[in-house]
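First comes the structure, then the notes that go with it.
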Amino acid sequence: MIDHIYKYPRLYINVPFSQGAEISLDASHSHYLKNVLRKSVGDVLRVFNGRDGEWLASLKVLGKKNGSALLTEQIKQQPDISAPLYLFFSPIKKQRMDFLIEKAVELGVSGLYPVITNRTENRKLNEARMCAQIIEATEQCERLDLPTLHPVQKLPELLRMKETLFLKLPLFVCLERRELAAPLSSYSYEKGAAFLIGPEGGFDDQEVKALITAENIRLVDLGETILRAETAAIACLSYAKMLAP
């Protein structure tokens, strides 16, 4: 039965769910189901909204520009996130940032925070495209919660914030070849973690000084080799996810 269910296409639809409710499909959903998957009225799909678990739905209307489906059965409950993972990162080049976002979603990141540093190369972000990538990756990896993309901020603004995630969770900052940095294995991630990944070329001296003196910062070293930003993000999230409850 489970294997059979997983054969149905899976879509994120941001509306409230309840037994027997009719949910609307927008133009992109309708096009994908009708023209790409060749689905028709009566076919079954899986839907989730990031809040109400996962449901089976039966296609009721499927036109060129819109459609609808009836919710027939809840097949998964919405899980509680007891150990959230947050990724603060300096935006990198387009193709590699696509990879970073996809893998971060697969590894369970709860929030993505673009941070502009002095050496950030990519300062013009297409946030709508990034949100679409997050949704696509969430659909494909069978997650039930949808990660949040937060507004871009500059590093000094991040460090000046009085109420931030890392005042509740330490902010683990990846610094290469620094005597003050400790291995990832030196810390506990039972309550979750927030990681800050720097730009290509690393943080400059002024930024390093600000990070070292900031409140509730933990400096981590990812080894002897120099890692790309996306590799560093994957390493941090993978390690924390493995050790989290």
Restricting the first residue to region 26-39 and requiring it to be without any contact (Cβ under 8 Å) to a residue 60 or more places away in the chain, which pairs with a second residue that is assigned to a helix (DSSP H, G or I) meet a Cβ separation below 7 Å and a spacing of at least six or different chains?
Lys39/Leu33
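Tell me, which helices (runs of 4 or more DSSP H) wholly within region 123-178 include 3 or more residues that are modelled with pLDDT of 95 or more?
The qualifying helices (runs of 4 or more DSSP H) are 127-140.
Working carefully through the options Ile2, Ile81, Ile101, find the one that is modelled with pLDDT under 95, closer than 30 Å to Cys174 by Cβ and β-branched (Val, Ile, Thr). I'd like the intermediate steps shown before the answer.
Working: Ile2 fails: closer than 30 Å to Cys174 by Cβ; Ile101 fails: modelled with pLDDT under 95.
After applying the criteria, what remains is Ile81.
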Enumeration of residues in region 228-245 that are crowded, with 16+ Cβ neighbours inside 10 Å and either over 15 Å from the mean Cα position of the chain (by Cα) or without any contact (Cβ under 8 Å) to a residue 60 or more places away in the chain (or both)
Ala229, Thr231, Ala232, Ala235, Tyr239, Ala244
Restricting to region 59-118, and then to whatever is free of Cβ contacts under 8 Å to residues at least 60 places away in the same chain, of a type in the set (A, V, I, L, M, F, W, C) and part of a helix (DSSP H, G or I), can you tell me which residue is nearest to Ala232 (Cα to Cα)?
Ile101
Name the one entry in Glu106, Glu200, Glu176 that is in contact with a strand residue (DSSP E or B) (Cβ under 9 Å, 6 or more places away or on another chain) and of a type in the set (D, E, K, R).
Glu176
Filter result (within 17 Å of Gln140 (Cα to Cα) and in a loop (DSSP other than H, G, I, E, B)) within region 20-50:
Leu37, Asn49, Gly50
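Taking Asn14 as the residue in question, decide whether it is farther than 15 Å from Lys65 by Cβ and out of contact with any strand residue (DSSP E or B) (no Cβ under 8 Å at 6 or more places or on another chain). Walk me through how you get there before you give the answer.
On the way: farther than 15 Å from Lys65 by Cβ: yes; out of contact with any strand residue (DSSP E or B) (no Cβ under 8 Å at 6 or more places or on another chain): yes.
Yes, satisfied.
For (1) touching a residue at least 40 places away in the same chain (Cβ under 8 Å); (2) of a type in the set (A, V, I, L, M, F, W, C); (3) surrounded by fewer than 14 Cβ atoms within 10 Å (Cβ to Cβ); (4) in contact with a helix residue (DSSP H, G or I) (Cβ under 8 Å, 6 or more places away or on another chain), each residue gets a yes or a no:
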{"residue": "Lys168", "(1), (2), (3), (4)": "no, no, yes, no"}
{"residue": "Leu184", "(1), (2), (3), (4)": "yes, yes, no, yes"}
{"residue": "Tyr189", "(1), (2), (3), (4)": "yes, no, no, yes"}
{"residue": "Pro199", "(1), (2), (3), (4)": "yes, no, no, yes"}
{"residue": "Phe203", "(1), (2), (3), (4)": "yes, yes, no, yes"}
{"residue": "Leu211", "(1), (2), (3), (4)": "yes, yes, no, yes"}
{"residue": "Val220", "(1), (2), (3), (4)": "yes, yes, no, yes"}
Qualifying positions in region 18-52 - acidic (Asp, Glu) and either under 19 Å from Lys7 (Cβ atoms) or in the same structural domain as Thr148 (by the TED database) (or both):
Asp43
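The values are calculated or read from the model by the stated rules, or taken from the named source; none is laboratory data. Quantities reported herein were computed from a predicted structural model and do not represent experimental measurements. Please note: Cβ atoms are built from the backbone with ideal geometry, for glycine as well, and neighbour counts cover all protein chains shown.
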